[in-house]
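> Sharing a structure below in structure tokens format, with a few things to ask.
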Amino acid sequence: DGLVVSENMKSSNADVKIPKSELEAEDRGAEEERPRESDSNILDLSSDYPRDKHISIQRHLADLEKLADLREDERKPCPLCPEEKFKACYSHKLHRHLQNLHWKVSVEFEGYRMCICHLSCRPVKPNLVGDQTLSKMGAHYHCIICSATIVRRTDMIGHINRHVNKGESESRFITVGAPKSSYEVVKESATDVQVLPNHSTPQKTDSYFNPKMKLNRQLIFCALAVLAGERKPIECLDAFGATGIMGLQWAKHLRSSVKVTINDCNENSVTMIKENCHLNKMKVKLNIKEEDDGETVGNGENSDTIEVTKMDANVVMHLRSFDFIHLDPFGTAVNYLDSAFRNVRNLGIVSLTSTDISSLYAKAQHVALRHYGCNIVRTEYYKELAARAVIAAVTRAAARCNKGIEVLLAVALEHFVLVVVRVLRGPATADDSAKKVRYLIHCQWCEERVFQKEGNMVEENPYQQLPCDCHGSMPGKTAVLLGPLWSGALFNTGFLRRMLLEAVQYGLDEAQPLLKTLLCEAECTAPKHFLTQSLGDENKQEECGVYIRTPSTFAESYLVHGKRKSEEVLRSAAKRQRAEHSTEHPPFYYNIHRHSIKGMNMPKLNKFLNYLSEAGFRVSRTHFDPMGVRTNAPLAQFKTVLMKYSTPTYVGAQAEGPVHLPGEIQVGEEVPAAAVVKVEEAELAEDDKSAAAVIKVEKAELVEDDKSAVAATVFTESYPTHCAAE
């Protein structure tokens with residue numbers, strides 16, 4: 001294999017000549033062999049690397065030249081190339097060959113150079129040319145740590161970096177713990193965790209930690225805090241712990257209200273979770289397989305205990321029951337939904353974070369069809385489409401376990417899609433939830449959309465369900481069927497209000513603005529001020545959730561923990577649920593920029609919300625799109641109001657307001673006066689029938705009661721012929 005040991009070199013078929021001086025020195029014994037190896041620096045006895053490392057790994061260029069035994073009067077072969085690739089030559093030519101071909105393209109690591117090797121160390125498939133079989137010698141590198149052979153130099157550099165990041169610095173692929181100096185301590189929400197330097201790349205690290213998911217962790221914490229206020233103590237599971245940051249925050253802030261279990265299937269991650277528990281002065285309770293070792297108690301005054309398990313997430317959810325389960329795998333979470341809903345307790349909460357945004361945001365539609373069984377396309381409301389696709393998959397998984405769901409929260413941001421649902425046990429609730437999974441009819445011309453009607457009967461013309469008339473005015477098929485998607489509400493107003501109170505109580509500043517936006521979106525109202533100071537008067541709040549309680553009514557709403565609710569409570573809850581369906585927020589939203597009129601300045605977004613509200617429609621902003629408007633107005637009415645309050649681009653100094661159409665008199669809102677508009681259209685030029693019509697507008701003096709205001713404006717503008725005709 002090209003090793004320095006002479007016997008191995010003799011047995012190999014590589015045509016490498018060994019000088020007689022080295023063979024005679026080898027026969028003298030081990031006592032004379034050590035100084036020879038030390039003098040030539042072929043093997044470094046002081047290092048931790050193996051004595052049988054490959055000859056392509058050297059410290060200096062002179063060491064590589066000593067292998068070739070350069071002499072001016074003799075031809076010598078290259079020790080790293082076969083004779084058919086590089087024939088024996090004199091010393092000056094061999095020196096240039098070693099320097100330019102092997103040494104310059106080497107990979108450096110801790111003082112060693114891994115030179116490129118052309119020997120037959122790496123098996124390559126033979127190429128058949130006629131009746132001859134030519135064995136191809138591929139260039140490659142030998143890893144100094146694990147002795148692997150890598151073809152490309154860039155791949156070799158990445159291979160070495162992965163060894164360093166994982167703490168694998170000894171030979172023969174012996175995995176050792178990284179030194180303490182290589183750990184980084186990250187602090188978030190008064191919780192310290194140790195992470196490796198490559199913690200931001202999930203494919204290459206065992207301790208994945210993403211600082212951009214801080215908002216996600218705060219929202220999940222608020223949901224758990226609300227559940228902890230309903231019943232104590234609750235058993236909660238972080239199925240994919242990684243560094244354990246989320247479970248540590250639960251135990252550190254909620255303390256005795258929760259019993260936290262952090263699970264991970266990776267041994268290195270489990271070790272790091274235990275170290276992070278000790279770092280935060282938490283007790284660690286080992287799982288059943290490690291009972292022989294007893295409990296590992298951290299030094300500190302905190303008596304909170306965290307259970308750490310090393311299992312597959314599906315296994316741990318099949319073995320035990322939990323009140324709160326959070327799923328945050330790398331990518332989609334659909335593979336774990338059946339296990340999560342099998343043993344989750346009644347009225348418990350399941351939250352999942354999906355980071356496969358390429359498929360959910362319609363960039364990889366075939367992946368979305370494979371994972372979620374959903375057909376989606378890129379639309380202006382693609383983020384809400386992704387959230388409804390995830391909820392539809394959750395609904396089907398819960399229904400297979402005879403459980404229904406109530407959606408408490410659905411958030412789709414740049415990096416993730418978060419869904420939080422409450423579990424309702426029973427086949428009746430499962431049927432009600434399954435009925436809310438429908439198909440969506442989407443017009444590809446105007447992007448109008450509507451959920452398909454309930455029922456199994458095939459309609460003769462499904463285009464009639466769309467409010468638009470694009471099918472009659474446009475050629476071909478104009479609509480596409482998307483889904484199946486969740487057609488119910490995405491938010492629970494009462495639960496969101498209590499989450500906001502918890503965020504204020506624990507000082508979660510990043511989650512508070514988003515929760516306020518979600519509250520306005522759930523109620524479909526304009527932005528308003530929220531009173532969050534009085535936490536003691538919680539029982540007087542108006543709750544929209546079916547099973548949301550206040551402290552004064554908790555004993556009446558719930559029975560003993562772990563048992564089913566009585567039939568009377570279920571019937572009263574169903575009545576409240578039916579009454580709340582009429583106040584659900586409208587599905588989907590419109591982007592104001594997407595539907596703006598060319599050549600017109602649209603009004604400010606907040607003013608446009610007021611205009612729609614004055615027109616009699618429910619309206620609010622949405623967190624899915626900063627320029628989106630959630631409203632129950634059809635798209636045609638949406639465009640009509642937008643056109644009415646848009647101003648032409650040529651009137652830059654004119655205040656925002658309704659467009660004064662020719663031939664009619666508008667009454668101003670601020671000034672109680674009438675404006676008389678005279679429009680004179682010039683004749684079209686006879687030479688060019690497509691010439692523009694020049695419109696001259698003269699505004700008369702504004703007549704007020706006190707005769708104090710006089711305004712005159714004259715402006716001209718060219719319009720195309722067809723615009724003037726309209």
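> For ASN276, which of the numbered conditions (1) within 20 Å of TYR506 (Cα to Cα); (2) buried (at least 24 other Cβ atoms within 10 Å of the Cβ); (3) at pLDDT below 95 fails to hold?
ASN276 satisfies all of (1) within 20 Å of TYR506 (Cα to Cα); (2) buried (at least 24 other Cβ atoms within 10 Å of the Cβ); (3) at pLDDT below 95 except (1).
> Kindly provide the set of residues from the range 370-388 that are closer than 23 Å to SER433 by Cβ and of a type in the set (S, T, N, Q), ordered by number.
The answer is ASN375, and nothing else.
> On to the next question. Would you please name the residue that is surrounded by the fewest Cβ atoms within 10 Å (Cβ to Cβ), looking only at residues in the range 445-460 that are closer than 24 Å to ASN632 by Cα and without any contact (Cβ under 8 Å) to a residue 40 or more places away in the chain?
Per the stated criteria, the residue is GLY455.
> Being in contact with a Ser or Thr (Cβ under 8 Å, 6 or more places away or on another chain) and not in a helix (DSSP H, G or I) narrows it down to one of LYS252, LYS285, LYS274, LYS281, so name that one.
Going through LYS252, LYS285, LYS274, LYS281 in turn, the sole match is LYS285.
> Scan the range 211-254 for residues that are within 21 Å of ARG320 (Cα to Cα) and open to solvent by 10 Å² or more (accessible area, probe 1.4 Å) and jot them down.
Once the filter is applied, which keeps residues that are within 21 Å of ARG320 (Cα to Cα) and open to solvent by 10 Å² or more (accessible area, probe 1.4 Å), the range 211-254 yields ARG231, LYS232, PRO233, GLU235, PHE240, ALA242, MET246.
The rows are residues; the columns are (1) assigned by the TED database to the domain that holds SER106; (2) at pLDDT 75 or above; (3) part of a helix (DSSP H, G or I).
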residue: VAL16; (1), (2), (3): no, no, no
residue: ARG36; (1), (2), (3): no, no, yes
residue: ASP48; (1), (2), (3): no, no, no
residue: ASP63; (1), (2), (3): yes, yes, yes
residue: HIS92; (1), (2), (3): yes, yes, yes
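> Collect the residues in the range 259-269 that are open to solvent by 10 Å² or more (accessible area, probe 1.4 Å) and either touching a helix residue (DSSP H, G or I) at 6+ places or on another chain (Cβ under 8 Å) or not in a loop (DSSP other than H, G, I, E, B) (or both), keeping them in residue-number order.
Across the range 259-269, the qualifying residues are LYS259, ASP264, CYS265, GLU267, ASN268.
> Also, I was wondering about something else. What strands (runs of 3 or more DSSP E) lie completely within the range 350-444 and have 2 or more residues being touching a residue at least 60 places away in the same chain (Cβ under 8 Å) and open to solvent by less than 10 Å² (accessible area, probe 1.4 Å)?
Hits in the range 350-444: 403-412, 417-425.
> Can you tell which of THR296, THR309 is at pLDDT 90 or above and β-branched (Val, Ile, Thr)?
So the residue among THR296, THR309 that is at pLDDT 90 or above and β-branched (Val, Ile, Thr) is THR309.
> Filter the range 63-77 down to the residues that are under 51 Å from the mean Cα position of the chain (by Cα) and not charged (D, E, K, R) and list them by number.
LEU64, the sole residue that qualifies.
> Looking at PRO467, PRO484, can you tell me which residue is modelled with pLDDT of 95 or more and either assigned by the TED database to the domain that holds TYR381 or more than 30 Å from SER189 (Cα to Cα) (or both)?
PRO484
> If you don't mind, another one. Quick one: in the range 94-113, of everything that is surrounded by 11 or more Cβ atoms within 10 Å (Cβ to Cβ) and among the polar types (S, T, N, Q), which residue is modelled with the highest pLDDT?
In this case the residue turns out to be SER106.
To keep it simple, each residue is scored yes or no on (1) open to solvent by 40 Å² or more (accessible area, probe 1.4 Å); (2) under 25 Å from the mean Cα position of the chain (by Cα); (3) closer than 25 Å to LYS607 by Cβ; (4) modelled with pLDDT of 95 or more.
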| position | (1), (2), (3), (4) |
| --- | --- |
| LEU501 | no, no, no, yes |
| ASP509 | yes, yes, no, no |
| LEU514 | no, yes, yes, yes |
| LEU518 | no, yes, yes, yes |
| THR532 | no, no, no, no |
| LEU535 | yes, no, no, no |
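> Kindly indicate whether GLU614 is at pLDDT below 90 and open to solvent by 50 Å² or more (accessible area, probe 1.4 Å).
No; evaluated as a whole, the condition is false for this residue.
> Restricting attention to the range 67-93, report how many residues are in contact (Cβ under 8 Å) with a residue 60 or more places away in the chain and open to solvent by 60 Å² or more (accessible area, probe 1.4 Å).
So the count comes out to 1.
The values are calculated or read from the model by the stated rules, or taken from the named source; none is laboratory data. What you see is a predicted model; the values in this text were computed from it and never measured. Note that each Cβ is placed from the backbone with ideal geometry, even for glycine, and that neighbours are counted across all protein chains shown. In case anyone asks, the SASA skips ligands and DNA or RNA and just uses the protein heavy atoms, side chains included. Shrake-Rupley method; radii C 1.70, N 1.55, O 1.52, S 1.80 Å.
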